[in-house]
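Enquirer: The structure is given below, and queries will be raised subsequently.
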Amino acid sequence: MSQQKTLALVAHDHKKAELLAWAGAHREQLVPHRLVATGTTGGLLQDELGLTIHRYKSGPLGGDQQIGALIAEGQLDLLIFFWDPLNPAPHDPDVKALLRLCSVWNVPVACNVSTADLLITSPRFTHPDYQRKVPQFDR
Ligand SMILES: O=C(CO)COP(=O)(O)O
């Protein structure tokens, strides 16, 4: 029996088409999970693919930080974040902070299609015996 996880999907503007294509190709694997997204990305995934998805604020308005808060609360299992390496974002500190929290809390994160493919198709991801190691901090 597989486990339902919480997945966040986020893409910068020049990467949205790539994320939509990826999500469309992996629709079956995504649908059983609880999906969340930043505002504009989530709207596109809803409208174009009919996915049920909880939309936070748009990235530049705090959406990355809201997803970061999910990570800090131990409520996110996977982040798919196609960030744009070729164009500066006004909220670059938020982008960096979100990626940093994935490292702090050992949350799997895919920043490109190849990695996203591997993560979403990994049998470990939903295997009932597999538990991601969650770091324990003394502070
Ligand atoms: O800017 C983003 C992530 O940093 C994404 O935000 P939107 O999905 O609202 O475009």
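The values are calculated or read from the model by the stated rules, or taken from the named source; none is laboratory data. This one's a predicted model, so the numbers in the text were calculated from it and none came from an experiment. Positions of Cβ are generated from backbone atoms using ideal geometry, with glycine treated the same way; all protein chains shown enter the neighbour counts.
Yes/no per residue for (1) among the polar types (S, T, N, Q); (2) out of contact with any Phe, Trp or Tyr (no Cβ under 6 Å at 6 or more places or on another chain):
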position	(1), (2)
E48	no, yes
H54	no, yes
Q66	yes, no
W83	no, yes
A89	no, yes
S103	yes, yes
N106	yes, yes
A110	no, yes
S122	yes, yes
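Enquirer: Being touching a residue at least 12 places away in the same chain (Cβ under 8 Å), in contact with a Leu (Cβ under 7 Å, 6 or more places away or on another chain) and hydrophobic (A, V, I, L, M, F, W, C): is that true of L61 here?
Expert: no
Here is a yes/no grid of residues against (1) loosely packed, with under 14 Cβ neighbours inside 10 Å; (2) within 26 Å of P128 (Cα to Cα); (3) of a type in the set (G, A, S):
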| residue | (1), (2), (3) |
| --- | --- |
| K15 | no, no, no |
| G24 | yes, yes, yes |
| E28 | yes, yes, no |
| H33 | no, yes, no |
| L45 | no, no, no |
| L49 | no, no, no |
| G62 | no, no, yes |
| D77 | no, yes, no |
| N87 | yes, no, no |
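Enquirer: Would you mind stating whether V104 is β-branched (V, I, T), free of Cβ contacts under 8 Å to residues at least 40 places away in the same chain and in contact with a Cys (Cβ under 8 Å, 6 or more places away or on another chain)?
Expert: No; evaluated as a whole, the condition is false for this residue.
Enquirer: May I pose another question? Q4 passes all but one of (1) at pLDDT 95 or above; (2) exposed (fewer than 13 other Cβ atoms within 10 Å of the Cβ); (3) touching a Lys or Arg at 6+ places or on another chain (Cβ under 9 Å); which number fails?
Expert: The number of the failed condition is (1).
Enquirer: Across the stretch 32-72, what is the total count of residues that are in a strand (DSSP E or B) and under 17 Å from A89 (Cβ atoms)?
Expert: Qualifying residue count for the region: 1.
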